[in-house]
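The values are calculated or read from the model by the stated rules, or taken from the named source; none is laboratory data. Because the structure is predicted, anything quoted here is derived from the model rather than measured. Here Cβ is always computed from backbone atoms with ideal geometry, including for glycine, and neighbour counts include all displayed protein chains. Please note that ligands, DNA and RNA were not included when accessible areas were found on the heavy atoms of the full protein model with its side chains. Shrake-Rupley method; radii C 1.70, N 1.55, O 1.52, S 1.80 Å.
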Amino acid sequence: PAITINPQEDKDKFDKRVRFKQRYLRAIYLRIMALLRDKREVILVGDLNVSHSSIDVAWNAVDNSSFSRIWLKKLLKLGVIDAYRHFHPRHRRYTHWSQVTGARKTNYGSRIDYILMSAQVAQKACNDCGIWDHVLGSD
């Protein structure tokens, strides 16, 4: 069991991390918006630590009010394409599983890693996108 001595201190650290993440995601959004406006090609790759929709989580429910999910939805509305979902609209594949619960064994996970790209990149340079969930990594 965990014991918290000063919950306010932990809450303050958490709040600071949340505010930093929100500023960071806003900066990424503004940069991508400017690049798209200038007709530039865009590729954003990485662990975004957010699942876009219920098909991206084993438990079939997502909190649509979370800042990160709203941010991701706004990016997609700009015309950025989720490469995996573009090619596999109904597949349930995950990129993260809780190590504490051993969730990988039962495939109780979520898809939080993305390749996002502008439409022109998708048309010119992308003919498929997959998840190699059989390859062991950090998650």
Inset, instruction - First measure r as the distance between the Cβ atoms of Trp59 and Arg17, then evaluate 1/(1 + (r/R0)^6) with R0 = 25 Å and state the FRET efficiency to the nearest 0.05. - result: 0.55
Legend entry - Point-to-point label distance, Val45-Gln123, nm (Cα→Cβ direction, 7 Å offset): 2.3
Inset, instruction - Would you mind getting the Kirkwood hydrodynamic radius of the range 38-88 from its Cα pairs, rounded to one decimal in Å? - result: 12.2
Legend entry - Cα-based radius of gyration of the chain once divided by 2.2 N^0.38 Å, which approximates compact folds: 1.19
Legend entry - Solvent-accessible surface (1.4 angstrom probe) belonging to Tyr84, in square angstrom, nearest 10: 10
Legend entry - the chain - accessible surface per residue (Å², probe 1.4 Å): 68
Legend entry - Computed over the range 15-71, Kirkwood Rh from alpha-carbon pairs, angstrom: 13.0
Inset, instruction - Work out, step by step, the length gained on full extension between Asp10 and Leu76: first 0.36 nm times the residue separation, then minus their alpha carbon distance; give nm to one decimal. - result: 20.4 nm
Inset, instruction - Pairs to check: Lys39/Lys73; Lys11/Lys105; Lys73/Lys105; Lys11/Lys74; Lys77/Lys124. Give those whose C-alpha atoms are more than 23 Å from each other in this structure. - result: Lys11/Lys105; Lys73/Lys105; Lys11/Lys74
Inset, instruction - Pairs of Cα atoms under 8 Å, at least six residues apart: use those to get the relative contact order of the chain, whole percent. - result: 28
Inset, instruction - Using only Cα atoms, find the angle between the long axis of helix 7-37 and the longest principal axis of the chain, and express it within 0 to 90 degrees, rounded to the nearest 10. - result: 0
Inset, instruction - Enter the angle in degrees (range 0 to 90, nearest 10) between the Cα long axis of helix 67-77 and the first principal axis of the Cα atoms of the chain, meaning the one along which they spread out most. - result: 10
Legend entry - Cα-centre dipole for the range 1-119 with unit charges at Cβ (Lys and Arg positive, Asp and Glu negative), debye to 20: 320
Inset, instruction - Give the carbon-plus-sulfur fraction of the accessible surface of the range 1-118 in %, rounded to a whole number; probe 1.4 Å, heavy atoms of protein chains only. - result: 57
